[in-house]
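**Q** Take a look at the following structure, please.
Values in this text are rule-based calculations from the coordinates and carry no lab data. Since the model is a prediction, treat every value here as computed from it, not as a measurement. Backbone-built Cβ (ideal geometry, glycine too); neighbour counts: all protein chains shown.
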Amino acid sequence: MKKQILIAVTALGTSAAPALAHVDPVAHGSLMAGLSHPFFGADHVLAMIAVGLWAAQIGRRALWSVPAAFVATMALGFGLAVGGVMLPFVEPAILASVVALGLLVAMAVRLDAAAAAAVVAVFALFHGHAHGGELGTAGAWPFAAGFIIATVLLHIAGIGIGLGVARLSHKGTLARLLGGITAVIGAALLIG
């Protein structure tokens, strides 16, 4: 009986495929790996939607300039990582971005578009650097194109949510509540 269990365990162990947290670029291509990558991290999803929510709260030029600043600086951070330039505190900065962006939405902080773009750009550098550090076997440029597209889609979702809840709630309380929830989840990720 012990011999049969040992044979079964050995057979299962040698036949198991590796558990991948992201789409395998070898099997699915670098573009698809990059496109799916941001959706596998709660920190990235929350931060990207919060950028869109905040841009919607500020309105006007911020609707496009704040997300655009994030995407451009994220691409720069990716390039730094691929080029071997190290940044300190990448993961803590990413988690701090979730808390900070959530708080900016929760408190409905109204900066002009340029100042808000500068704030998100600081966080974007770290998000992009992390993507570059997680490149693995994927081709750099198709992977980058994929995660940039995914990030833009998450920003658009945040803007859509922000504009939608602004119509549904008095004085933006629902958007502020979403910001508060984001900050609390970010703090839990930071602590945990």
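**Q** Find the percent of Cα-Cα distances in segment 31-85 that exceed 13 Å, and round it to a whole number.
**A** Details: 1007 of 1485 pairs.
That fraction is 68 percent.
**Q** Here's another thing I want to ask about it. Arrange 86, 107, 32 by Cβ neighbour counts within 10 Å, fewest through most, would you? Please list the in-between numbers first.
**A** Working: 86 9, 107 13, 32 18.
Lowest count first: 86, 107, 32.
**Q** How much net charge surrounds residue 127 when only other residues with a Cβ under 14 Å from its Cβ are counted (Lys, Arg +1; Asp, Glu -1)? All intermediate terms of the calculation are to be shown ahead of the outcome.
**A** Numbers: positive: none; negative: 43, 91, 134.
Summing Lys and Arg as +1 and Asp and Glu as -1 gives -3.
**Q** Using a cut-off of 14 Å between beta-carbons, work out the net charge of the residues near residue 184 (Lys and Arg +1, Asp and Glu -1, residue 184 not included). If you can, show how the numbers build up before the last one.
**A** Numbers: positive: 176; negative: 43.
Taking every other residue near residue 184 into account, the sum is 0.
**Q** Another question, if that's okay. So, R0 is 41 Å and r is the distance between the beta-carbons of residue 167 and residue 36; what FRET efficiency does that work out to, to 0.05?
**A** On the way: r = 32 Å, r/R0 = 0.77.
Efficiency at R0 = 41 Å is approximately 0.85.
**Q** Right, something else. When every alpha-carbon pair in segment 30-191 is counted, what percent end up more than 28 Å apart? Walk me through the numbers before you get to the answer.
**A** Numbers: 2054 of 13041 pairs.
Here the tail beyond 28 Å accounts for 16 percent of pairs.
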